[in-house]
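Enquirer: Structure provided below as structure tokens; questions to follow.
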Amino acid sequence: MSSIALPRLRTRDQRESLRPFALATPLLLLLFFSFGAPIAALLSRAVYEPTIANALPRAIAALKQDSGAGVPDEPVFLAFAADLKEAQAQGSVQEFAKSLNTRLSGARSQVLRIARNAGQEQATSKEAMIKASPLLGEPRFWAAIREGANRFTSFFLLSAFDLRWTDQGTIGAVPADQAVFVRVFGRTFLIATVVTLSTLALAFPLAYLMTNLRPAIAGIVLVLVLLPFWTSILVRTAAWTVILQKYGLLNDLLLWLGLTSQRLELMYSRTGLIIAMTHIQLPFTLLPIYSVMRSVPPSQLRAAQSLGAQPFTAFWRVYLPQVMPGVLAGCLLTFILCLGYYITPVLIGGASDQLISNFIANYVNAELNWEMAAALSFVLLASTLGLYVTMTRFFGLDLFKMG
Amino acid sequence: MNGLRRTTLLGLAGAALIFQPQTAGAEELTVMATGGAWQAALHQAWFEPFAKKTGIKFNEQEYTGELGKIKAMVETGNVPIDLVTVETSTVLQGCDAGVLIHLDYSKIADRSKFLPGTALDCGVGIDVYGDVLAYDTTVLKEAPTSVLDIFDTKKFPGKRAMRKAPAQNLEWALMADGVPIADVYKVLGTPEGVDRAFNKLDTIKNDIVWWDAGAQPPQLLASKEVVMTTAWNGRIQSAIDHDNRPFAIVWNDQIVEYDMIAIPKGAKNLDLAYKYLAYAAEPEVSAQLGRYIPYGPVLADATPFVPKDVLPKLPTAPDHMKTYLVGDVEFWGDNGEDLVKRFNAWLAQ
Amino acid sequence: MVSTTQDSTARSGLAAGPNLASPSRGSPLDDRAEPAEGRDASAATATRSDNSTRSARSRDETFVEFIDVEKMYGDFQAVKRLRLTVGRGEFLTFLGPSGSGKTTTLNMLAGFERPSQGVITLAGKSVDRLPPYERNIGMVFQNYALFPHMSVEQNVAFPLSVRKTPKADIAPRVRRALEMVRLEQFKHRKPAQLSGGQQQRVALARALVFEPTLVLMDEPLGALDKKLREHMQIELKQIHEMLGVTMVCVTHDQTEALTMSDRVAVFDHGAVVQIGTPHGLYNEPATEFVASFIGENNALDGVVESVGAGQCLVALPGGLKATALSIGDIRPGGPVRLTIRPERIALSAGGGPTDNSHQATVDDRIYHGDHQRLLARLANGQVLTVKVGPEMAAATNETVDLFWSSTDCRAFPASAVADGNQPSIGRAS
């Protein structure tokens, strides 16, 4: 009897446990198709770049037969010419040239010239080709080809850290005048940290004040805080340019008050950028703190005081630990959002205040080097996730429980 | 069952209609340009007359001039535009990346009638503009005489604005450092030359405010944020003519550039697009843009058709062509990515 | 659930504490037998006349005194000219409906609110300028206000650690306090992992561990279910006896007040309307409000016909008459309200004086297990609740005779309240 009843019971249990999952399926599918899959597809470009391998099937086969490094022997040259001829005919040679140019600056026009020649007459020998395009006689050209032959590449990820494979096959730094990303990542994290701390310095007292105001007044303050939140970030940034510019409101005010004797350069400066970002991010830091503060009953501080704690001790040992999840959540939110700032640095920041997103946008929009953009995005995403995991581990913060 | 399937099909068809607004019917051509006063001028000079003449409806869109958007369209196989305006260097990139199609000039015009460097494989020139220097005559007591005066912080102290890109700035830096105009790209092609250009830029780095969009230079002058700025001549002229700004343009050592129009790969109305390109390549039509914005025609035969009062405002006016450099598209195609990276690294230092 | 019998180890463990211990005294139930005391608010400060050994020593010594204390919020007078004393070692309860000023009074004592007028003294000294953290008052909050991020042990250690008590002393004192409330095995848990009753006991241990001279409790049992509340009432009382600490408790629950307190101060509209022992308040309410607020009462409205020695004759609607004790200003012709407790109405004349007798019909009978309640309708239509034994069998519509003594029936001058002939039943627990 029970042996029959049990399996049936289990089936029902399974069905019960499947139901919430089934209900969430549309959301999961939406997440996957609109979020997970595109991001994964984009990020995969950081390591998968088959253009060179696709364009040079013969030359790569010949390179495998060839002995050692450096400039290869004649068969490779002839195979290379044949590949280019076909690519020229198919119209794919420019893509190949661009891809190669990414790894070897200046290669583009030479490759295009070889391709044009190859289309007109059959290449005859290694010497003739080198004579026509001296770049072919250089080992670094073939090093780039050998590297590109591999469809999976570490080139872009290494570049994101200002690193590259040296001719000796070791990982080394790129030349100093090309090293930019480590500095930009550092700058991005620095500005994000400063903005996060600035918003915290403003948000914490304000949230505390709002918690202790009468509900009606607290509501008005909340609306004042949120009002800018409801306008587009572009509008707010534009408003800040009006305020911060040399003959703008803030400089007028400072001069009028006699606080400064000459007009400050606030636009196109880091100070201006941090001011604007702090303003834009304030609600993101404030709201989690406020919501947690509201959940701490006022009796907590009273209890601490009645138990003999001086106001500061009560704040430090009783209040702060309880609002800490909100503080961390707000700071984490602002910090992560700051890492992705794009439009504000463009409009308000100076040339040396551009953040990593500006570079990603540049590679996506202007350079059409989506591989590099993917690599930078990957590093940004990984560091963001790393930060999140660190926060949850060390501070016991669980954003999913924040509600 | 059948009813259900029919409903589903109807639903799908409806969805297709929503996502595919371009259905068969009246002939329609979608063009995407970089907006602002310039696109308004394109509309008045070319798009509207063409539509009137042929009955082909023009659907205009705007974008920021960056190829990423078109690349995304091409990669997803859904290209809702037929024509796109681009800068010269962008044409080259788009060509290399397989985003723009190779043009068939037999359907447009005699390729030899175009100014050198304006009839490219993947793009055809539509106007000539100048990278010039502009200043506020009420602010600077003494007028600069050359674009290169931007490097003279003794004579012209104060902030100056330059475009946040290596192109043009490196050329000017070498010219200011004494490199003859004819040798600029040769020198810039060597590592030493690049170092030399950046060293020259270093001398004014702390005084530079960088701009990104063409609309910024007139604003920067108007708000007195800077005393002088590099700019596209049309934008400054527009501020002078329409907003009565007390600005002036310095033409000596200008860099001459071309705007281009191209067809993205996968464009649906290829024949109409060619029809338009052929129309715009007629000399008389080509000269019309100057009426609305002071940019010159790219066809040698078009000059007689340019209105007399417009001629002196064009970059190609004889007075403006005393010393000038023509931007080298091939050079920037080859070295652009590296120089941009180096430029960004230099900015960050 | 913990046993209600007192744990001997807890007692001895606590007794080992330096100052927490105090000789165990007689059962507080003794108080019930004490005679009534002062009947009106102005007499609240009157010293007690009882001579029981337990209270004589402690209550002679005034520990807390409110001298003409007032509290204004804008134009609103939350507490009106309060004079009140709490004796050392006493368990005093502030009882009243919400908004009656009892919590404000407690908060002024704790130091969270400052009186607008008047002085509060603690052991003879004014605490006017003393912040809460220097008053050495233990407090149990309505929802316990346990610190959720600390373990039970850390919560209880908190008042000691903020007092810079040596570490070596903290652990044993925390252990003893937790033993007292029988929670030592839960010391590593977080408050959220405890039941309501357990949390309540942690709050109590935390309020007691630093040996405060005074413990305040704001609706300490309000969040517990009925059964647990009754159990905790006894436990609180036992702890009070064991430690001899002065306790002031705020509640709106009259059962709680009657069960635990030595004395109860009844608050209404910002003033103490009566203060006295539970017995006194229940049997000799000084005002109609107290009569209806404490326990269950039948109310009959009528008009005074004549006034005698401490008694009056009242005409009820429908030609009925009743005699009652005169309370306050009773004059012939004035409207009055009579109150009589359901258990003081008998169905037979046997035993005791029963100078009031009325015929009634049974509307309904409600069975309560240990007793029953009859809803008896008088000839004039008024319905009285009568508490009778479980064995009484009366059918609906049966005619019964109701008897009560005029000494159990109290006549109050009718205030603005005049709600016709509907019986007013006081709040039941």
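Enquirer: So which GluC sites (Glu not before Pro) in the stretch A:83-186 pass both tests, a DSSP loop state and at most 11 other Cβ atoms within 10 Å of the Cβ?
Expert: Sparse-neighbourhood loop GluC sites (Glu not before Pro): A:E121.
Enquirer: Which longest run of chain B has no exposed loop site in it, a site being GluC sites (Glu not before Pro) in a DSSP loop with at most 15 other beta carbons within 10 Å, and the site itself not part of the run?
Expert: Segment B:143-349 is the longest.
Enquirer: Using a loss threshold of 10 Å², tell me which positions in the stretch B:222-262 are less accessible in the complex than in their chain alone. Probe radius 1.4 Å, ligands and nucleic acids ignored.
Expert: For the stretch B:222-262, once contacts with the other chains are taken into account, B:S223, B:K224, B:E225 lose 10 Å² or more.
Enquirer: Taking a temperature of 4 °C and a viscosity of 1.567 mPa s, what whole-number D in µm²/s does Stokes-Einstein yield for the stretch A:181-401 with Rh from Kirkwood over alpha carbon pairs?
Expert: 67
Enquirer: Could you order the peptides C:112-120, C:245-253 from most to least packed, using the average number of other C-beta atoms within 10 Å per residue?
Expert: Most protected by this proxy first, the peptides run C:245-253, C:112-120.
Enquirer: Could I ask something else about it? Work out which residues of the stretch A:65-114 lose at minimum 30 square angstrom of accessible surface when the other protein chains are put back, relative to the chain isolated, with a 1.4 angstrom probe, and list them by number.
Expert: The answer is A:Q94, A:E95, A:K98, A:N101, A:S105, A:R108, A:S109 - residues whose exposure falls by at least 30 Å² when every protein chain is included.
Enquirer: Related question: Mind checking B:180-186 for the average number of partner chain beta-carbons within 10 Å of each residue's beta-carbon?
Expert: 0
Enquirer: Please average, across the residues of B:199-212, the number of beta carbons from any other chain that are within 10 Å of each residue's own beta carbon, and give a whole number.
Expert: 2
Enquirer: Something else: Taking the mean number of other Cβ atoms within 10 Å as a proxy for protection, how do you rank B:292-298, B:42-48, B:107-113 from highest to lowest?
Expert: B:292-298, B:42-48, B:107-113
Enquirer: Probe of 1.4 angstrom, ligands and nucleic acids ignored: what's the accessible area per residue over chain B, in square angstrom?
Expert: Averaged over the residues of chain B, the accessible area is 42 Å².
Enquirer: Now for a different question. List the lysines whose Cα sits under 24 Å from the Cα of C:K164, skipping any in the same chain fewer than 8 residues away.
Expert: Within the straight-line limit of under 24 Å, C:K164 reaches these lysines: C:K187, C:K190.
Enquirer: What shape does the stretch A:51-153 take by its C-alpha gyration tensor, where a ≥ b ≥ c are the square roots of the eigenvalues and a/c under 1.5 counts as rounded, a/b above b/c as prolate, and the rest as oblate?
Expert: Judged from the Cα gyration tensor, the stretch A:51-153 comes out rounded (a/c under 1.5).
Enquirer: Just from its helices, what would the mean residue ellipticity at 222 nm be for chain A, if runs of 4 or more DSSP H residues each count -39500 (n - 2.57) and the sum is divided by every residue, rounded to the nearest 500 deg cm²/dmol?
Expert: -22000 deg cm²/dmol
Enquirer: What does the buried accessible surface come to for A and C, summed over both chains, with the probe at 1.4 Å? Round to 100 Å².
Expert: 1700
Enquirer: Given the DSSP H assignment, sum -39500 (n - 2.57) over each helix run of at least 4 residues in chain B and divide by its residue total; what's the result at 222 nm in deg cm²/dmol, nearest 500?
Expert: The per-residue figure over chain B is -10500 deg cm²/dmol.
Enquirer: Under the rule that a partner needs its Cβ under 4.7 Å from the first Cβ, which Cys of the protein assembly as shown have none?
Expert: Here A:C331, A:C338, C:C249, C:C312, C:C409 come out as lacking a disulfide-compatible partner, given the Cβ-Cβ threshold of under 4.7 Å.
Enquirer: Could you work out, residue by residue across A:177-187, how many beta carbons of other chains sit within 10 Å of that residue's beta carbon, and then give the average as an integer?
Expert: Mean inter-chain Cβ contacts per residue within 10 Å come to 4.
Enquirer: Quick check on my link table: of B:K164/B:K205; A:K246/B:K200; B:K159/B:K322; B:K69/B:K268; B:K57/B:K107; B:K186/B:K341, which ones sit more than 23 Å apart, alpha carbon to alpha carbon?
Expert: Pairs exceeding the cut-off: A:K246/B:K200; B:K159/B:K322.
Enquirer: Which residue, A:G272, A:G308, A:G349, tops the fluctuation ranking in a GNM of chain A built on C-alpha contacts under 10 Å?
Expert: A:G308
Enquirer: Is chain A rounded, prolate or oblate when judged by the Cα gyration tensor, a ≥ b ≥ c being the square roots of its eigenvalues, rounded requiring a/c under 1.5 and prolate requiring a/b larger than b/c?
Expert: Taking the square roots of the gyration eigenvalues as a ≥ b ≥ c, chain A is oblate.
Enquirer: Using the alpha-carbon centroid of each, what span in Å lies between the stretch A:176-195 and the stretch B:50-76?
Expert: 37
Enquirer: As a test of reading the structure, rank A:F21, C:F158 by solvent-accessible area (1.4 Å probe, protein chains only), most first.
Expert: A:F21, C:F158
Enquirer: What accessible area per residue, rounded to a whole number of Å², is obtained for the stretch A:212-294 using a probe radius of 1.4 Å?
Expert: Normalised by residue count, the accessible surface of the stretch A:212-294 is 54 Å².
Enquirer: How much accessible area is lost when chains A and B come together, counting both sides, with a 1.4 Å probe, in Å² rounded to the nearest 100?
Expert: 3700
Enquirer: Further question on the same structure: So how long is each side of the stretch B:130-263 along the principal axes, counting just the alpha-carbon atoms, biggest first, in Å?
Expert: Dimensions of the stretch B:130-263 along the principal axes of its Cα atoms: 47, 44, 22 Å.
Enquirer: So, with a 1.4 angstrom probe, what is the percent of accessible area on the stretch A:153-299 that is carbon and sulfur?
Expert: 71
Enquirer: Hey, could you grab the Kirkwood Rh for the protein assembly as shown? Inverse mean 1/r over distinct alpha carbon pairs, Å, one decimal.
Expert: The answer is 38.9 Å.
Enquirer: Do any residues of the stretch B:331-346 show a loss of at least 10 square angstrom of accessible area between the isolated chain and the full protein assembly, using a 1.4 Å probe, and if so which?
Expert: Buried on complex formation: B:G333, B:D334, B:N335, B:E337, B:D338, B:V340, B:K341, B:R342, B:N344, B:A345.
Enquirer: Using mean Cβ contacts within 10 Å as the protection proxy, how do A:40-49, C:166-175, B:117-126, C:387-396 order, highest first?
Expert: B:117-126, A:40-49, C:166-175, C:387-396
Enquirer: Order the following by accessible area, largest value first: A:R113, C:R206. Probe radius 1.4 Å; ligands, DNA and RNA are ignored.
Expert: Most to least solvent-accessible, the answer reads A:R113, C:R206.
The values are calculated or read from the model by the stated rules, or taken from the named source; none is laboratory data. All values derive from a computational prediction rather than experimental measurement. Glycine gets a Cβ as well: all are built from the backbone with ideal geometry, and neighbour counts include every protein chain shown. To get the accessible areas, we keep the full protein, side chains included, count just its heavy atoms, and leave off ligands, DNA and RNA. Shrake-Rupley method; radii C 1.70, N 1.55, O 1.52, S 1.80 Å.
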